[in-house]
Every structure is written in C-alpha cells, then in structure tokens.
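A short worksheet on the structure shown next.
Rule-based calculations on the coordinates, nothing more; no lab input. These figures come from a predicted structure and were not determined experimentally. In this analysis, Cβ positions are derived from the backbone assuming ideal geometry, glycine residues included, and neighbour counts consider all displayed protein chains.
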Amino acid sequence: MQKKIINLYLSFSFFFNLSISFFFATYVIFLQSKGMNLLQTNLINFCFMASIFVLELPTGSFADVFGRKKSIIGGCLALGFSMIVYFISESFWLFVLAEVIGAFGHTLISGAKDAWLVDSLNHHGHTDNLQSIFKKELSYKQIGVIVGSLIGAQIGEWNIALPWLFSGISMILVSIFLSFKLKEDYFTASQEKFSFRGAVGLMRNTIREGFCFGIKNQPILFLMLFSIFFAFAIQGMNMQWSVLFKDKFSVKINQLGFIYFGISFVMLLGNQFSGKITNFFHLEKDGLIVSQLLTAIGIIMAAILGSFIPVLIFFYLHEFGRGVFGPAKQTYLNKRITNNEKRATILSLDQMFMHLGALLGLLFSGYLAEKFSIPISWLSGGIILCLGILIFSKIKNEE
C-alpha cells in the first residue's frame, strides 16, 4: 500500500505540472497579443501573488477540516476553470479574475498534497525518511514542466491561446482521475466548523509569533529580509524573458519552449549542486552569498550585453544561482529554528516575506520595463539584489 501511495503522489506531481506548464513559455506573449503592456502583465500577476498571500492559510485550514482529497480535487478544478477563463478572455479584468481563481486553486493544493502523502504513509506504518520521496518528486515535477512547456510552445505557434485550453482540459482530467484514485483512509471528518475569521486570526498569530522569534534570532530575521530582496530582484526576469528574446533576438514562439527547457534543466542542476557548493565553504552563509552573487551577475550581465548567446548564457547563470539558493536557504533556515513548535510558523512567515518581495518586484519591474526598457528593469533588479547581498554579508553567524 505504501508503494501505491508513493506512486500516486509522484504520478500526480508529473501530470499536474505537465498540465499547468503548457502556457509557461508563452504566458506574457499571450497577454501582449490581447493588448496588455508590460506593466499590465505584471499587475495581472501581482493579483495572483496577492491572492496567494491572502488565501494560503485559510485554504490550509479548509484542508485540515474537510479533508485533503476535497481540497486537492477542488484545487485542480479551480485551476482548470481559471485556465479556460484565460482562453476566452479579452480584457484586463477577466485576466485578473482568472488569476484570482487560479490562486485559490493553487492554495487549495499547496499544503494539502504533501500533508496527504505524509498522513497516508504514517497511517500505513511508513517509518523511512521522506527526503528521498520529496527529491524524486522534484525530478517528476521538472520533467512534467519540461514536457508541458515544449508541447505548449509548439501549440502556441499555431494559436497563442490554445495552450490555455490544453491546460484547462488536462487539469480537469487530473481532477477526475484523482476522484477515483485518491484515498484518505486516515481521515475522520472534523465536527469543527470552518471559520474564515479563525483562519485570519491564525495568520495574525503566525506573523506575530514568527516575527518575535526572528527578532531574537538575527540570522533568521536577516535571511527573511534577504528573501525580500531576492524575490524582488527576479520578477523582471520571470515576467520579461520571453518578450526580450522574441522582440530583441527574433526568437520564434515554438523556440521559446526550448529556452524554457533550458531554464528547468539549469534550475534542476542548481538544486543538485546546492549541497556541494554550500559545503565547500566553512560558513553556510558564505555559500548562500555566493549563490546569489551568481544570480546577480547573471541578471546584470544579461541586462547589459547585446548578443543572443551571451545574454542566454548569463540568463541561465542567474537561473543556476536560483537553483542553488532554494535548498541552501531551507537548510540554513531549518538548522536555526531550535523550537520545533514554531517551525511551521517560521517557514510560513518566510513564504510571506517572499511573496511580499515578489509583489513589490512585479510593480517595480513592470513600471521600469514599460517606461524605459526591459534591460533597465533587469539591471535595476540586479543592483538591488547586490544591495541585499551586501546587507546579508554583514550579519553575525552562530556557526
């Protein structure tokens, strides 16, 4: 039974990420084809990030009270519906509506998926380390994204809106599959009524308790603040890379899928080398700094260079640095959370800091790209990341 649970978890990860990635390489270009400028595309994504920020904890409470199966299937249906809304939309506000619905779907799935795995395995007596399962899941996820983005780019060459329809239908099919296959043998429905006010109170307590703990632990607080700089700096690259390669270097839509394949591959490579790079240094903090120096150098050089190959190389360097940073940051953070009762609180707060940086970065990079140029937007992000690196390098470590 344990093997069936793990295989279902991995299969879901592959098909979910395959379904959601058909439009990854053409997302911004699709919005531009509907008359959106660079600032508007960022504002649309801003609404997605803001919705996730607000909904993350309330939807987690929903999954705990009503069951992870309902939460996951509901999330897939919401995502599928949001993508179909995208397919038929022609206006800014309909795109915003689709993003809010999609954010609701994402938050229904985000915590429920892993919680279902852990609780199901525990129910059936699993005692092995879960790390190998999560590492394998990352590989399945990246393979799904690679396949989906390549297929979506080819479809987008025929009709730029079709990837959204493919994603929507595929996600609904995933929800139907899960309705038959997903079991919750461990789950007993709670008699407690779901309370949105209670969820908001939980969010308030999370911020208060986590911030109080962070003040007493300077490395944790500074790392969270550094996460704001990091998330802020990369939004221009996230949102504008396809536009720059298409408009500046005449890259065709179907070729963008191959560039996105490179993004996924380099990120995965960074994940795999993260431990080796950070272990090379005596202080973990130095490994984090080096990873973000790579990211900052990649952003700045991609902004100032004018030829396709050099820009692509440094763009991938920035992605590699991001790949190294993720696991290294999680290791650094978890080692310094000495009170297990506050672990989830601190990690949730860290995600809120990240989302805050992303929200600000979307507004900033979108404005600069629209008023000046994409390279100016990227260069500004790289400089701000360098400022964050400088601040973080000054903290004292208990290592």
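Taking the Cα-to-Cβ direction at residue 157 and at residue 360 and moving 7 Å from each Cα, how far apart do the two end points lie in nm?
Inter-label distance under the simple model: 4.2 nm.
Based on the Kirkwood radius over alpha-carbon pairs, what value in µm²/s does the Stokes-Einstein equation return for the translational diffusion coefficient of region 203-394 at 25 °C and 0.890 mPa s? Numbers along the way, then the final one.
Values: Rh = 17.2 Å.
My calculation gives 142 µm²/s for D.
For labels at residue 351 and residue 11 in the simple 7 Å Cα→Cβ model, what's the distance in nm?
Calculated label separation equals 2.6 nm.
Out of all Cα-Cα pairs in region 1-181, roughly what percent, to the nearest whole number, are more than 26 Å apart?
Values: 5128 of 16290 pairs.
For region 1-181, the share of Cα pairs beyond 26 Å comes to 31 percent.
Excluding residues on the same chain fewer than 8 positions from residue 248, give the lysines whose Cα lies under 28 Å from its Cα.
Residue 248 reaches 34, 371.
Could you work out the local net charge near residue 298, counting Lys and Arg as +1, Asp and Glu as -1, over the other residues with Cβ closer than 10 Å to its Cβ?
Net of charged neighbours comes to 0.
Count neighbours as other Cβ atoms within 10 Å of each site's Cβ, and list the trypsin sites (Lys or Arg not before Pro) in region 231-277 that are DSSP loop with at most 15 such neighbours.
For trypsin sites (Lys or Arg not before Pro) across region 231-277 that sit outside H, G, I, E and B with at most 15 neighbouring Cβ atoms in 10 Å, the list reads 252.
For a 19 Å ceiling on Cα separation, which of these pairs sit above it: 3/181; 141/183; 113/276?
Details: 3/181 14 Å; 141/183 22 Å; 113/276 29 Å.
The answer is 141/183; 113/276.
Around residue 98, with a cut-off of 14 angstrom between Cβ atoms, what is the net charge of the other residues, counting Lys and Arg +1 and Asp and Glu -1? Write down the numbers at each step before the final one.
Details: positive: 34; negative: 90, 99.
Here the charged neighbours net out to -1.
Among 29, 220, 309, which comes first, second and so on when ranked by fewest other beta-carbon atoms within 10 Å? Don't jump to the answer; show the numbers that get you there.
On the way: 29 19, 220 22, 309 9.
So the residues, fewest neighbours to most, are 309, 29, 220.
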